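The values are calculated or read from the model by the stated rules, or taken from the named source; none is laboratory data. Not measured: the values here are computed from a predicted model. All Cβ positions, even for glycine, are placed from backbone atoms using ideal geometry, and neighbour counts span all protein chains on display. Heavy atoms of the whole protein, side chains included, go into the accessibility calculation; ligands, DNA and RNA do not. Shrake-Rupley method; radii C 1.70, N 1.55, O 1.52, S 1.80 Å.
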Amino acid sequence: MSKRVLKIGMVGGGKGAFIAQPHQKAIFSDGTRRVVAGALFPDPKIAMEEAANWPYPIKGYESYDAMIADQKNLPEDERLDYVLIVTPNWVHFDPAIKAIEAGIPVMCEKPLCISMEQADKIVEAVERKKVPFAVAHTYLGHWTTRFTRFIVQSGLLGEVQWVDASYIQGWLGPLMLGGASSMPMWRTNPQMAGKSGCGGDIATHALMHLRFTTGLDVTDVSAHLEKFIPGNALDDHFTAYCKLSNGGKAMVRASQISHGHKNDLGIEIVGTKASLEWKQENSECVTIHVPGQPDRVYWRREVQPNDGFLGDVPADLLAEPQIPSGHCEGFHDAYARLHRFFEADVRAYWEGKPFNCDGSKYANVYDGRMGMAFIDASVASSEKDGAWVKVDIKK
Ligand SMILES: NC(=O)c1ccc[n+]([C@@H]2O[C@H](COP(=O)([O-])OP(=O)(O)OC[C@H]3O[C@@H](n4cnc5c(N)ncnc54)[C@H](O)[C@@H]3O)[C@@H](O)[C@H]2O)c1
């Protein structure tokens, strides 16, 4: 029997929006989910026009308040299964809280919100209402990221001693410098983006990559947040030296001024037995360096278990990729994997069954809160010229 198609309500995504479109493709990719409604723009009239212009018919709402409030008036089989929030950072908290309070699962873009106070309120609401909640850290959805997690957490690298996680861009800085109209102004406004610009926007991805793949937490930071672009109200270059929960050390770096770099998210994980490298711009493979041995390059869909390094690899992990290697997966497929995993938890929730939401397949509300805690600690450290500051880890 074919599956019931899940109904998604989008908050944000009207004209000029960037990340709504990759989500829309990812949602559509399996045929089991569909955007059916949207509050797509802050101006009510434009919101309705944008809904009418959607590539296929959806129900438009003048605001997310109206969309969420309407659910209780609808027959059960017409209600939203989850809400997707793709608005700027300062418009994450309010729709998230309202959806959670209405008992509707939420996938929210990163960073979770703009303050620790907001983050704690979202965590409290999720725990109280027991709804599935995802934070859209896209790059966790690459199969190679999931494979990296398997390698590191199986102990194949030995004890993790050092991690270098970075997200380096070169194109945003010149846009900011030129005041380009294509550059949404909320990104450089502390009231709208949060306390850190570059850190909140992309260092949170690097942090999440470190935490997801290694299973370790960053406990302390010594950070410098720098503004190289004249007039920038927020950091455009972010460097945090970190202590890890296992006694190891790490660097979490991000930059928006490094010419030539595009969306250069990468991670190097050094263990006592071997090290691992991965880059999102070449996201089809993972490279392993074992001292005294030739490098091992593992390509998606070409992994052979028990090759003298790997041992057994879970069959469900090997079976995940849907297309052969050489036909590249990418950004949209990574988002699709997050929606696919979230869909399973959302279905379980509505069927009254237990659901995981444990952070093993996509970032959950606690990961979102950790991103905020990391930014808070980094800002505090930078204000004290890089003094060590503890990260408020609360699980
Ligand atoms: N996961 C990723 O890889 C990734 C990449 C880019 C952006 N993002 C995140 O996605 C979010 C959006 O970023 P973007 O670049 O798409 O921004 P954007 O400015 O391009 O789009 C935001 C959209 O939200 C709409 N909006 C604003 N307030 C609204 C309201 N009250 N009601 C309804 N719609 C409203 C805007 O009109 C616009 O259509 C940000 O939080 C950003 O950090 C994540």
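Close amide H pairs (under 5 Å, H built 1.01 Å from N) link W278 with I267, residues at least 5 positions away or on another chain. Calculated mean residue ellipticity, 222 nm, the chain: -9500 deg cm²/dmol, from DSSP H runs (n ≥ 4) at -39500 (n - 2.57) each, averaged per residue and rounded to 500. Shown for the range 182-254: the carbon plus sulfur share of the solvent-accessible area, taken with all protein chains present and a 1.4 angstrom probe, equals 54%. Here are some pairs, K243/K384; K25/K195; K279/K361; K25/K249; K7/K353; K121/K195; which of them have Cα atoms lying more than 27 Å apart in this structure? Violating the 27 Å Cα-Cα cut-off are K25/K195; K25/K249. About its Cα centre, the range 326-395 has a charge dipole of approximately 220 debye under the convention of +1 per Lys or Arg Cβ and -1 per Asp or Glu Cβ, with nothing else charged. Seen through its C-alpha gyration tensor, with square-root eigenvalues sorted a ≥ b ≥ c, the range 128-243 comes out prolate because a/c lies at 1.5 or above while a/b is bigger than b/c. Computed from backbone phi, the HN-Hα couplings of the range 371-388 come to x, 5, 5, 5, 5, 4, 5, 5, 5, 4, 5, 4, 5, 9, 6, x, 4, 5 Hz, rounded to whole numbers (Karplus: 6.51 cos²θ - 1.76 cosθ + 1.60, θ = phi - 60°; Gly and Pro given as x).
Per residue, the range 158-215 exposes an accessible area of 35 Å² to a 1.4 Å probe, with every protein chain left in place. Dipole orientation for the range 167-234: of the candidates L207, T219, S196, S196 has the Cα lying most toward the positive pole (charges on Cβ; Lys, Arg +1; Asp, Glu -1). Across the range 250-382, Cα-Cα distances exceeding 27 Å account for 38% of all pairs. Probing with 1.4 Å while keeping every protein chain in the model, the per residue accessible area of the range 319-372 equals 43 Å².
Other residues within the sphere of radius under 14 Å centred on the Cβ of S166, judged by their own Cβ, net out at -3 (K and R +1, D and E -1).
Classify the range 87-165 as rounded, prolate or oblate from the Cα gyration tensor: take a ≥ b ≥ c as the square roots of its eigenvalues, call it rounded if a/c is under 1.5, otherwise prolate when a/b beats b/c and oblate if not.
Since a/c reaches 1.5 and a/b is larger than b/c, the shape of the range 87-165 is classed as prolate.
Note on D295 and M192: their simple-model spin labels are 4.2 nm apart, each label 7 Å out from Cα toward Cβ.
For the range 41-47, 3J(HN,Hα) computed residue by residue from phi via the Karplus equation (6.51, -1.76, 1.60; θ = phi - 60°) reads 8, x, 7, x, 5, 5, 4 Hz, glycine and proline entered as x. Counted residue by residue at 0.36 nm each, then reduced by the alpha carbon distance between them, the extension gain from A387 to K279 reaches 35.9 nm. When a/c reaches 1.5 or more, the comparison of a/b and b/c decides; with that in mind, is the chain rounded, prolate or oblate per its Cα gyration tensor? It comes out oblate by the Cα gyration axes.
On the range 265-344, 51 percent of the accessible area sits on carbon and sulfur atoms, based on a 1.4 Å probe.
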